[in-house]
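Contents: one structure, followed by commentary.
The values are calculated or read from the model by the stated rules, or taken from the named source; none is laboratory data. Note that the coordinates shown come from a computational prediction; the quantities given were computed from them, not determined experimentally. Every residue, glycine among them, receives a Cβ derived from its backbone with ideal geometry; neighbour counts consider all protein chains shown. Areas reflect the complete protein model, heavy atoms only, side chains present, ligands, DNA and RNA absent. Shrake-Rupley method; radii C 1.70, N 1.55, O 1.52, S 1.80 Å.
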2 protein chains.
Amino acid sequence: MDNLFGDLPTGPETRERIDCLLDRTGLRVERIVSTGQASPPGFWYDQAEHEWVLLLQGAAQLTVQMPDGERTVRLAPGDSLELPAHRRHRIEATSVEPPTLWLALFWPAGAA
Amino acid sequence: MDNLFGDLPTGPETRERIDCLLDRTGLRVERIVSTGQASPPGFWYDQAEHEWVLLLQGAAQLTVQMPDGERTVRLAPGDSLELPAHRRHRIEATSVEPPTLWLALFWPAGAA
């Protein structure tokens, strides 16, 4: 998978595809392709790293636990979302057609 | 400019547009839009930070000074390029129509 738009699924798959594009000290870049996957009921991501996601194709809906309560976030192509470390969130829905194409950046939680 | 694909030029502009999408300790993310700009003759970028660029639209040609000599790199949509700190490089050409849309990540040069 040399090209971000290469080797995309042509239909639903059983799980998300995650390809690491770059893994360096201080930064990891992943391509994630979802075809309808969502987080299991009651599951929340709670990550030690900071994350920033950019949706490039498809559509997704997330729930994010903000300091003042839960927030529904809908992402369309070109939309991005910052998820500071331990900002609990879950994926409610992702599009199948077209597949949901994410670029996800992860970097260490150090100083703010 | 909330959306990566929003507010794109509709024709040539006098200079590149650079919008900072995220600026945190350890990571900066920029959207760069080029419409035919290239580096001036004899100019080389020589940056203290590591960089990773992803071309999302348009086309570009760069010259990169690799340890074993100069290399011409042509980027099409979905192509990416890692530019470690002080890896000298220059932009030879960028497309006008469509505008060349880059996502550029910068992170500190620390340990390899």
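Largest mean-square fluctuation among A:P40, A:P84, A:P98, in a Gaussian network model of chain A whose springs join Cα atoms under 10 Å apart, belongs to A:P40. Between this copy and the others, label points of B:R15 are 4.9 nm apart in ascending order, each placed 7 angstrom from Cα in the Cβ direction. If R0 equals 30 Å, the separation of the Cβ atoms of B:A109 and A:V96 corresponds to a calculated FRET efficiency of about 0.15.
Return the single residue from B:I91, B:I32, B:I18 with maximal mean-square fluctuation; model: Gaussian network over chain B, springs between Cα atoms under 10 Å. Greatest mean-square fluctuation among the candidates belongs to B:I18. Between A:T63 and B:C20, the modelled labels are 3.5 nm apart [label points 7 Å from Cα along Cα→Cβ].
Ordered from highest to lowest accessible area with the whole protein assembly present and a 1.4 Å probe, B:L62, A:L8 read as A:L8, B:L62. Starting from the label point of A:R88 at 7 Å along Cα→Cβ, the same points in the other copies fall at 5.4 nm, in ascending order. Provide an ascending nm list, one decimal, of label-point separations from B:D2 to the equivalent residue in each further copy; define each label point as 7 Å from Cα along Cα→Cβ. Label point to label point, same position, other copies: 3.9 nm.
In a GNM of chain B with a 10 Å cut-off on Cα contacts, which of B:E70, B:E97, B:E30 has the highest mean-square fluctuation? Looking only at B:E70, B:E97, B:E30, the biggest GNM fluctuation is shown by B:E70.
Both chains summed, the buried accessible area for A and B stands near 2000 Å², from protein heavy atoms and a 1.4 Å probe. Based on alpha-carbon centroids, what's the gap between the stretch B:30-66 and the stretch A:13-75 in Å, whole number please? Cα centroid of the stretch B:30-66 versus Cα centroid of the stretch A:13-75: 29 Å apart. Applying 1/(1 + (r/R0)^6) with r as the Cβ-Cβ distance of B:A85 and B:S39 and R0 = 22 angstrom yields a FRET efficiency of 0.75.
Averaged over its residues, chain B has an accessible area of 49 Å² per residue, based on protein heavy atoms and a 1.4 Å probe.
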